[in-house]
Every structure is written in C-alpha cells, then in structure tokens.
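Only one structure is covered here, and it is reproduced in the block below.
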Amino acid sequence: VQYFKAVVSTQSTGELAAKRTKQDLVLSTQDANLPPRTSDLAAPIMHLTGHAAEVFCCKFGPFGDILASAGFDRQIFLWNVFGECENIACLPGHTGSISQISFTKDGTHLISASTDKSMAMWDLEAGVRVRRFKGHQSFVNSCDVSDSPTMICSGSDDGTVRLWDSRRRHCVKTLNNKYQVTAVCFNEKADNILSGGIDNHIKMWDLKHSEVSIEMKGHCDTITCLALSPDGNFVLSNSMDNTVRMWDVRPFAPANRCLKAFVGAQHNFEKNLIRCCWSPQGTKIVAGSSDRMVYVWDTSSRKLLYKLPGHSGSVNDVDCHPKQPILMTASSDKSIYVGELK
C-alpha cells in the first residue's frame, strides 16, 4: 500500500508533476528503497486529469496501448497508456452523462452508453461517431460487446435489455424486464445475456427463446455491475448491499450458483453504479468503492490483498491491463489513476 501512495501525476498536457526531468524520474524509480518495477509505465503510478466532472467509466483497449475514460462531462477521452500518458483524443457527441464504455474486440471501435437514452459507436482511428443506437425510453446504464460478428447488449431504466447488431441501426431484440436494468454482459458464446437491476436478481436471458433460463438470487440490494471471468465460466457481480459475489454460469452447475462473496467495498447515498473487474488470469478481483479506496482480493482464498488509497472521491470504475500488472481506477474526483501492482 505504501508503494501505491508514491504518486507521480501527469496533466492532460503530458507534463510530469513537480517539473521533474525524465532523467530524474528514471533515477528515482531505481532507488534501492523501492520495490522492483513490474510494468512499462513511465512511473509506478500515473495520475490523469482533464475531465471537467465526475468520471464514471474507464477501460483499457484490448491490446493495452490506449485507454478510454468518460463520465458526467459527456465526453470520451482517449489516452496513451505508456510514456507520459498523453491525452490523444476527445470524442464529444452525447448530450447526457456517459455511464459505461466498451471496446470492440479488434480495438477499432468503442461503444458508449449514455443517459441521453442512446448508445454510440465510435471509430477510434478517425475519432468520429459512426453510428447512434436509439430505442431505449430512459437512461442507458450499461453496455457490452461480443466477439465477431459485433453484437451489443444494453440495459436501461426503461426495464428492457436490448440486443443490437453493429451493422444495423435499429434494435434486433428486446427483452422485457419488470424493473430497471443497471448492469448487463454477454456470456462466453454470446448466446445469452446476463442482466442485473433494482430487483437484486441476476438473470440469464436465452436469446434463442427470448426468455429467462436462469435466475440467481443472493444479493439484497441493487446490482451495479456484472463482469464475465476470462475463462467464461463465472460472473462477478457488485451490489449496493456492499458485497461482490462470484457466480457459476456454466450450463449444468449446481442449483446454488453463488460460490463466493467478497466484502469490504462500500456503497453510499450517492448510489453510483460502482463497477468491478477480473485480472486477465482471473486470479484477482478488483472493485471500486464509495469510501475512496480500491479493493483487490485473491480469487481463490477471498483474502484482501490491497486496499489502495489515493482518490478523493468515490471510485466508480476499475479495469486491469490485458498484458501487464497495471490497474486503472476512475473516480468522482474527476481523475484517473493508472498504477502497477506487485
């Protein structure tokens, strides 16, 4: 934890804080009192600033060279992960706050969900919006992207889960839920959509028959995030009941699909949709928290490995780098931290 506190900041202009030269930075990171470096970041921790309001979501690109962030200021920022973490693009266009973002698997496009009742697809090379998906009647809280062909799912306060084809403008399928939907994700084969909402239940929707095939109960409050494990066998859920749970979503799993519960991460009166994620190997679980901390657990033992300080506002989203031991966090303090773990 002390290692994580050694913060080196960068502004959106790319300048290192405290006006330290690159040579000074290299010398300082080679200090004998510091643990050995574990990533290719310019410093053990980079602090990205530039958003004008709360940052609600962040995501690494599939190849780990860029990252995206978005939030209440209605803009998507693209940043370089390595070097001085320069802000390389700003994508305006939404008229409401952006609740979640997701890269396509080939890294060429980005999908965003917004409170303006729409989703958008962005061409990252050109830096422009190439498609807008309209159909929801209320805030779009969550989105996810499948493998090729690129299918998109979304969950909304209008009580529906919708399936979209990126090649078409209109919704392909609408699944009606009784209550508001706050989190969605595809299963491994993308033939099912997992959803969670204010009814506290996780539902697996069979896309072939347009019905709920599995309903998983255990949470006592609104589900704020669903994240599929790297091997596709498990799903992670975060809830306002202050637990993060791991569920078995394999077809012939036992009736009690809740395998583990991880405690520590908090939710508060802000009722933000605080998210969680897996490490690339599935050995660690990470969650944001309203107490301004980041929680990292060991998946198998449920042991709390790190409780990381630094932010001055609720930590709303977290993501793990696909190739290196790097963790990214986005917060209501309008900033993002990108830091390496041991």
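The values are calculated or read from the model by the stated rules, or taken from the named source; none is laboratory data. These numbers were taken from a predicted model, which means no experiment stands behind them. We place every Cβ from the backbone using ideal geometry, glycine too, and count neighbours over all the protein chains shown. The area values use the complete protein model at the heavy-atom level, side chains included, leaving out ligands, DNA and RNA. Shrake-Rupley method; radii C 1.70, N 1.55, O 1.52, S 1.80 Å.
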Point-to-point label distance, Lys134-Ser312, nm (Cα→Cβ direction, 7 Å offset): 4.0
The stretch 163-175 - phi-based ³J(HN,Hα) in whole Hz, Karplus 6.51/-1.76/1.60, Gly and Pro as x: 10, 10, 9, 4, 8, 10, 7, 9, 4, 8, 8, 10, 10
Accessible-area composition of the stretch 257-342, carbon plus sulfur, in percent [1.4 Å probe]: 50
Rough spin-label spacing in nm, given labels placed 7 Å along Cα→Cβ, for Lys189 and Asp147: 1.2
For Val172, residues with placed amide H under 5 Å, excluding near neighbours: Leu163, Trp164, Asp165
Solvent-accessible heavy-atom area per residue, rounded to whole Å², over the stretch 287-332 at 1.4 Å: 34
Accessible surface, 1.4 Å probe, highest first, among residues Lys217, Lys203, Lys178: Lys178, Lys217, Lys203
Nitroxide proxy distance, nm - points 7 Å out along Cα→Cβ at Ser213 and Thr95: 3.9
In sequence order, calculated HN-Hα J values of the stretch 91-102 (Karplus, 6.51, -1.76, 1.60; Hz; x Gly/Pro): 10, x, x, 6, 9, x, 4, 9, 8, 7, 10, 8
FRET efficiency, Asp65 to Thr38 (Cβ-Cβ, R0 22 Å, nearest 0.05): 0.75
From the coordinates shown, mean projected area of the Cα convex hull in nm² corresponds to which of (1) 17.5; (2) 30.7; (3) 16.1: (3)
Listed pairs Lys117/Lys303; Lys260/Lys307; Lys189/Lys334; Lys117/Lys260; Lys134/Lys284 exceeding 31 Å between Cα atoms: Lys117/Lys303; Lys189/Lys334; Lys117/Lys260; Lys134/Lys284
Solvent accessible area, Å² - Asp165, 1.4 Å probe, full protein context: 10
